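The values are calculated or read from the model by the stated rules, or taken from the named source; none is laboratory data. None of these values were measured; they are calculated from a predicted model. Every residue, glycine among them, receives a Cβ derived from its backbone with ideal geometry; neighbour counts consider all protein chains shown.
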Amino acid sequence: MGSGVRVYDARRPDIPRVRRFGLLVSVAWSSDEGWLAVAQEQKVLLVGPHRSVVLPLRALDLAWTRDLS
């Protein structure tokens, strides 16, 4: 297998359960695409256009559930 980014459709039942990275990492973009959320095993990083916020939370997956505007 080559390296790079893989995107899986969570609606499909055949998602591989393979851990290929040192950390479990999930990413999600806000609905306006102005913020990026990155979850690692011990923190969630919110990256905005002018600032970043580190949340000391354990997360395996992320999703934006409402608009930030």
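Summary table below
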| read-out | value |
| --- | --- |
| Those residues of the range 33-59 which are at pLDDT 85 or above and part of a loop (DSSP other than H, G, I, E, B), in sequence order | G34, W35, K43, G48, P49, H50, R51, P56, L57 |
| Some residue of the range 16-31 being at pLDDT 80 or above and either more than 13 Å from the chain's Cα centre (by Cα) or assigned to a loop (DSSP other than H, G, I, E, B) (or both) | yes |
| Where a residue in the range 35-55 is among the basic types (K, R) and its partner, wherever it lies, is part of a loop (DSSP other than H, G, I, E, B) and surrounded by fewer than 14 Cβ atoms within 10 Å (Cβ to Cβ), with Cβ under 7 Å and at least six apart | K43/P56; K43/L57 |
